[in-house]
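Asker: Take a look at this one; I'll ask things after.
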Amino acid sequence: MLSMLDIKAYLKEHGTTGENDLAAHFKTTAPMIAMMCEKLAEKGQVKLIEIESSCGCTCGCNGKTKRAWRLV
């Protein structure tokens with residue numbers, strides 16, 4: 001079962017990471033990651049970073065803003 005400590009440890013080791021990447025790593029959904037990270041943000045332990053996507057990839061982002069999280 002995924003815990004907030006797992007997310008914090010991952011961010012400490014890997015730095016700023018997008019919600020979809022966190023969800024893939026922990027084999028869960030992006031909304032679940034968002035909820036847990038928002039709780040951590042309320043406690044001042046992580047910070048939301050919004051990144052403009054201009055990757056030109058086939059991931060379906062279409063240049064939308066992506067949400068990422070980093071450890072404070």
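Asker: Do you know which residues across region 36-66 are surrounded by 12 or more Cβ atoms within 10 Å (Cβ to Cβ), touching a strand residue (DSSP E or B) at 6+ places or on another chain (Cβ under 6 Å) and at pLDDT below 95?
Answerer: Those that are surrounded by 12 or more Cβ atoms within 10 Å (Cβ to Cβ), touching a strand residue (DSSP E or B) at 6+ places or on another chain (Cβ under 6 Å) and at pLDDT below 95: 49, 51, 53, 66.
Asker: Let me ask something else about it. Please work out if residue 28 is over 15 Å from residue 2 (Cα atoms) and out of contact with any Phe, Trp or Tyr (no Cβ under 6 Å at 6 or more places or on another chain).
Answerer: Values: over 15 Å from residue 2 (Cα atoms): no; out of contact with any Phe, Trp or Tyr (no Cβ under 6 Å at 6 or more places or on another chain): yes.
Answer is no for this residue.
Asker: Please find, within region 1-35, the residue that is least open to solvent (accessible area, probe 1.4 Å) out of those that are among the small types (Gly, Ala, Ser) and more than 15 Å from residue 50 (Cβ to Cβ).
Answerer: First pass over region 1-35, keeping only residues among the small types (Gly, Ala, Ser): 3, 9, 15, 18, 23-24, 30, 34.
Checking the rest, the ones that are also more than 15 Å from residue 50 (Cβ to Cβ) come to 3, 9, 15, 23-24.
Details: 3: 42, 9: 59, 15: 28, 23: 7, 24: 73 Å².
So, considering only residues that are among the small types (Gly, Ala, Ser) and more than 15 Å from residue 50 (Cβ to Cβ), the one least open to solvent (accessible area, probe 1.4 Å) is 23.
The values are calculated or read from the model by the stated rules, or taken from the named source; none is laboratory data. All values reported here derive from a predicted model rather than from experimental measurement. Positions of Cβ are generated from backbone atoms using ideal geometry, with glycine treated the same way; all protein chains shown enter the neighbour counts. SASA here: full protein model, heavy atoms, side chains in, ligands and nucleic acids out. Shrake-Rupley method; radii C 1.70, N 1.55, O 1.52, S 1.80 Å.
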